[in-house]
């Protein structure tokens, strides 16, 4: 997959494309349907398939006061899109100036070289242009004038009949409902970060953990203990993960923001300090709670480890 971070990087020429357009935060099952539709139509016509997305998330620019969390930082989003085997990825910088482009001008841009969209696939609720005035229906009408076919797949619903959306997934993650969030994502939720030094309590207890400094605005699950996996440059390891404030060791007065700590089962590689890490949250095991003494905590952690192995064993091997 070729990746471009501006229109200026696209090859000069009149190449035509099938383009899936959206913010695509999460690359959830609804997003995958949009991208799959672009792939089907593009390959039927023998033209390359591109995913066009935006960075940062438009809400971060238009409504920064909302402090919306991000499901997929740009590098992770790119990796997930690459796994779908599209030909090209265009990551357009989203700025205040870009948000003020008139809806018709936006369609002109995607219809004209160097992008040259012949087919555009967007979600039915896609909004674009100044003030969000552009709609999928409007794009279809104006696209017809410009010779662009605009397609919107049916909205993908979950098992309960409700539409799958990034907003809904963020809420489930914040509530610690990772099984439900994973079902809508079609994969475990991932939090990216850097491994940083912690309090060394886990090491002293014989259970060293990787303390993860999550990326800004990451959608970190609510406090609790989770089964999951950790991905580093050394490979993937099963992980028992705690998101919390260490109440066994800290009084309410001493507690700060929740931390992400992952105990990597069976890991025997080098120290990970300063290295990037991706944490897959598979399933919630229990609430975080205070124990009477460290030995009680250690006993519970061993139960958590056994439960983690059991939960992660159900995942497909890739």
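The values are calculated or read from the model by the stated rules, or taken from the named source; none is laboratory data. What you see is a predicted model, and the numbers here were worked out from it, not measured in a lab. All Cβ positions, even for glycine, are placed from backbone atoms using ideal geometry, and neighbour counts span all protein chains on display.
Restricted to the stretch 257-269, and to residues that are in contact (Cβ under 8 Å) with a residue 24 or more places away in the chain and not in a strand (DSSP E or B), which residue is farthest from residue 177 (Cα to Cα)? Per the stated criteria, the residue is 269. Is it the case that residue 140 is touching a strand residue (DSSP E or B) at 6+ places or on another chain (Cβ under 8 Å), without any contact (Cβ under 8 Å) to a residue 60 or more places away in the chain and more than 17 Å from residue 54 (Cβ to Cβ)? Against the criterion (touching a strand residue (DSSP E or B) at 6+ places or on another chain (Cβ under 8 Å), without any contact (Cβ under 8 Å) to a residue 60 or more places away in the chain and more than 17 Å from residue 54 (Cβ to Cβ)), residue 140 qualifies. Here are 53, 69: which of them is within 11 Å of residue 25 (Cα to Cα), at pLDDT 95 or above, in the same structural domain as residue 19 (by TED's automatic domain parsing) and touching a helix residue (DSSP H, G or I) at 6+ places or on another chain (Cβ under 6 Å)? Answer to the selection: 69. Selection of the stretch 270-308 for residues being assigned to a loop (DSSP other than H, G, I, E, B) and either in contact with a strand residue (DSSP E or B) (Cβ under 6 Å, 6 or more places away or on another chain) or at pLDDT 85 or above (or both) yields 270, 271, 272, 273, 274, 275, 287, 288.
Is it fair to say residue 80 is modelled with pLDDT of 95 or more, part of a helix (DSSP H, G or I) and under 30 Å from residue 226 (Cα atoms)? Spelling it out, residue 80 is indeed modelled with pLDDT of 95 or more, part of a helix (DSSP H, G or I) and under 30 Å from residue 226 (Cα atoms). Would you pick out the residues in the stretch 212-269 that are within 16 Å of residue 304 (Cα to Cα), at pLDDT below 90 and crowded, with 18+ Cβ neighbours inside 10 Å? Answer for the stretch 212-269, where residues must be within 16 Å of residue 304 (Cα to Cα), at pLDDT below 90 and crowded, with 18+ Cβ neighbours inside 10 Å: 244, 246. Only one of the numbered conditions (1) surrounded by 15 or more Cβ atoms within 10 Å (Cβ to Cβ); (2) at pLDDT below 95; (3) in contact with a strand residue (DSSP E or B) (Cβ under 8 Å, 6 or more places away or on another chain) is not met by residue 91, and that is (2). In the stretch 159-168, of all residues being modelled with pLDDT of 95 or more and out of contact with any strand residue (DSSP E or B) (no Cβ under 8 Å at 6 or more places or on another chain), the one that is nearest to residue 25 (Cα to Cα) corresponds to 166. The combined condition, being under 17 Å from the mean Cα position of the chain (by Cα) and either surrounded by fewer than 17 Cβ atoms within 10 Å (Cβ to Cβ) or in contact (Cβ under 8 Å) with a residue 40 or more places away in the chain (or both), is not fulfilled by residue 97. For the stretch 100-114, the tally of residues that are surrounded by fewer than 16 Cβ atoms within 10 Å (Cβ to Cβ) and either closer than 25 Å to residue 181 by Cα or in contact with a helix residue (DSSP H, G or I) (Cβ under 6 Å, 6 or more places away or on another chain) (or both) stands at 2. Of all residues in the stretch 42-74, those satisfying the criterion of being over 18 Å from residue 219 (Cα atoms) and assigned to a helix (DSSP H, G or I) are 42, 43, 44, 45, 62. Inspection of the stretch 134-151 identifies no residue that is under 18 Å from the mean Cα position of the chain (by Cα) and surrounded by 17 or more Cβ atoms within 10 Å (Cβ to Cβ).
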